[in-house]
Structures are given as C-alpha cells and as structure tokens.
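Enquirer: The structure is given below, and queries will be raised subsequently.
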Amino acid sequence: TSLVDNNKNNINLNLINIRQINGHHFEITSISIFSNLEYCITTSNDETLCIWKFPEFEKIITLTSHSVGPIYSSAINSKLTLMSSVGFDQTVKVFDIQVLLQSIKNNK
C-alpha cells in the first residue's frame, strides 16, 4: 500500500502511525504536547484529563477536575508553568504544573 494516494491527494496516516493512546473510556477530545516534549495532556468525553509521559504515552495520572460532562480541550503555556482545561460544566480550570508534577512524584 502506498503512503500517498495520487488520485485523491490523500495520505494514509496508518502507515506512519508512531504511537497510539489507549486509556480513556470515551472519545479523546484534545491533545496538548508540552514544548519540552516530556509530557502530553489528553482530554476526553469520559470527564477526565490525563497526563502522559511523552512520547511513550505512559499514563502518569488521571484528573477529574470538572464537575460534570466532557472536558473539551487543554492548553499549556510556553513557560510550562500553567495548564488549563475547559469543560461542559462551563468552567476553565487552571493548574500549576510544577505543583501537580511534584505531587505525582511524592505519591509514587
């Protein structure tokens, strides 16, 4: 199978898939990758936000910060100090990344 279908100008991404995330119970709604390429965040319709070791996609923690419904998206600031998420509950949550990562290390 060819990577590029010349008749349709389509690229078959299944042939270059590097990693696949498995760990949410429903659809993943967004992914944000830290600029230092150490972690990524996924949000989902399963009402969770997950932090993963990147690029291995080893799940580090699952957060349930919104009160109800799906979490639509997340973002990370360029200094890697803050992370945010927005959900169906009509709220934006902002987290201190260093505090969050330190609490994860302390609980291991």
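Nothing in this text is a laboratory measurement; each read-out follows from the coordinates by a stated rule. A quick note: this is a predicted structure, and the numbers were derived from the prediction, not measured. FYI the Cβ positions are ideal-geometry reconstructions off the backbone, even for glycines, and counts take in every protein chain you see.
Enquirer: Would you calculate the convex hull of the Cα atoms in the range 47-108 and tell me its volume per residue in Å³? Before the final figure, lay out the partial values.
Expert: Details: hull volume 5.6 nm³, N = 62.
Measuring per residue, one finds 90 Å³ for the Cα hull of the range 47-108.
Enquirer: Among S103, S65, W52, which residue has its Cα positioned farthest towards the positive end of the charge dipole of the range 47-108, with +1 placed on the Cβ of Lys and Arg, -1 on the Cβ of Asp and Glu, and the dipole taken about the Cα centre?
Expert: Sorting the options by dipole projection puts first S103.
Enquirer: Given labels modelled 7 Å from the Cα in the Cβ direction, how far is it in nm from V99 to E38?
Expert: 1.9
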